[in-house]
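**Student:** My structure is below; once you've seen it, I'll send some questions.
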């Protein structure tokens, strides 16, 4: 199976999960941001370009399932994925705690940015407190379920690398 | 461990994707039909999965809600107790009240209770975390619903249908910042355009003259006419007439319908006026058959 096909499979599975099971289980009315997490982790494992392309598709699918205007999340997800990839390339060493914290920050930032764009386009009210609370809870909730998602995305992003791809070791 | 290609050029790719996203967003906001159809198609494909998941996860979800929503459930319980006590207190005078209400409806000429409606059940909020001021209901185009139809309870206007899929629909609540409705003040007969504020109220900030006499607690109903919603649906009461406005008047309305703790809603099935010219043409046809 090619890398693109695997990523597509992961995105479609993510879409199905986000629209079904994950929607049923909310904490304080906030659900897991699975497609945003897939976008971020693809940026982390697969590099900025793959991350951006995957994030764009993830954003379009997310827009379709949540009913926001098409392109809104596709506008927000790619910069977050590229930023995560860029930060990851500059990190000297990574620990599970640091990775978890980075994922929390990235998801909260992505969620917050989406709300901000929604406000700018007049699609959401301007209750900043609600958006901040939503961003923080979705960040924490998503990190809590990130371990299996990380494995699947890692498999999808770098499962069978062609020879031209360079592998960078931790601490390099 | 990261896989990256040394020849990767993330900046041009990112700029290209951002431009594409902005274009799509602009086209969608301008109402380009294929984009909405694409989204509706995705949701319709997911629909059978969602229905099955709803049923399967019901028992687990009840436990989940008990664990993570305990405080909310307690508050809800408390609210319902207070409401029950209030209704018991009111039951003594309900007959007299209903007679008074009927008389009021006759006096102001409201046809609200005679509208043809479809009862729908609330399923919850739409998927994801972008659904503030929106709720999902269990009926869609298969049941004859159309985008733009008014949604109300016995107390008054709740919102309008925003997205209509085959067997589910999304209701944009009247408090949503994008919600616009033509309204009429029952006392003064002034008409204006009300919009949601995102904070639980509506505000009429267009159409009301600076010198118009607007009373506190004045009843506000939908105006009909060129508005998408049928006339005479109660909207709420004026809680701030903004009497001292110098340049622009912003009359604040408290919604008559309680948007918290709803279970069922009525979708008003009255014919939609899609073309603003239509009512004028219809009038001409009546005058000159």
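**Student:** Once you've got the GNM for chain A with C-alpha springs shorter than 10 Å, pick whichever of A:29, A:19, A:71 has the biggest mean-square fluctuation.
**Tutor:** Top of the fluctuation ranking is A:29.
**Student:** Fully extended, how many nm does the chain gain between residue B:118 and residue B:36 (0.36 nm per residue separation, minus their Cα-Cα distance)?
**Tutor:** 27.1 nm
**Student:** With springs only between Cα atoms under 10 Å, which of A:103, A:92, A:75 fluctuates most in a Gaussian network model of chain A?
**Tutor:** Of A:103, A:92, A:75, the Gaussian network model singles out A:92 as fluctuating most.
**Student:** Can you give the angle from 0 to 90° between the axis of helix A:146-158 and the longest principal axis of chain A, with both taken from C-alpha atoms, to the nearest 10?
**Tutor:** Helix A:146-158 sits at roughly 50 degrees to that axis.
**Student:** What is the helix-to-structure angle for A:128-144, meaning the angle in degrees between its Cα long axis and the longest Cα principal axis of chain A, kept from 0 to 90 and rounded to the nearest 10?
**Tutor:** Taking Cα atoms only, the helix is inclined about 40 degrees.
**Student:** For chain A, take the longest principal axis of its alpha carbons; what is the angle in degrees between that and the long axis of helix A:34-46, to the nearest 10 within 0 to 90?
**Tutor:** Long axis of A:34-46 versus the principal axis of chain A: about 30 degrees.
**Student:** Work out the FRET efficiency for residue B:61 and residue B:247 from their Cβ-Cβ distance, taking R0 = 45 Å, and round it to the nearest 0.05.
**Tutor:** Approximately 0.30, to the nearest 0.05.
**Student:** For chain A, what does the relative contact order come out to in percent, with C-alpha contacts under 8 Å and a separation of six or more?
**Tutor:** 28
**Student:** Need one word for region B:114-173: rounded, prolate or oblate. Basis is the Cα gyration tensor (sqrt eigenvalues a ≥ b ≥ c); a/c below 1.5 gives rounded, then a/b vs b/c decides.
**Tutor:** Oblate.
**Student:** Moving on to the next point. Would you work out if region A:3-78 is rounded, prolate or oblate? Take a ≥ b ≥ c from the square roots of the eigenvalues of the alpha-carbon gyration tensor; rounded if a/c is under 1.5, else prolate when a/b is larger than b/c, oblate otherwise.
**Tutor:** Because a/c hits 1.5 or more and a/b exceeds b/c, region A:3-78 counts as prolate.
**Student:** What shape does region A:3-158 take by its C-alpha gyration tensor, where a ≥ b ≥ c are the square roots of the eigenvalues and a/c under 1.5 counts as rounded, a/b above b/c as prolate, and the rest as oblate?
**Tutor:** Rounded shape, in that the Cα axes give a/c under 1.5.
**Student:** With a point put 7 Å past each Cα toward its Cβ, work out how far residue B:193 is from residue B:15 in nm, to one decimal.
**Tutor:** Here the answer is 3.8 nm between the modelled labels.
Read-outs throughout are calculated quantities, based only on the coordinates presented, and are distinct from any laboratory measurement. Everything numeric in this text was worked out from a predicted model, so none of it was measured. For neighbour counting, all protein chains shown are included, and Cβ atoms are generated from backbone atoms with ideal geometry for every residue, glycine included.
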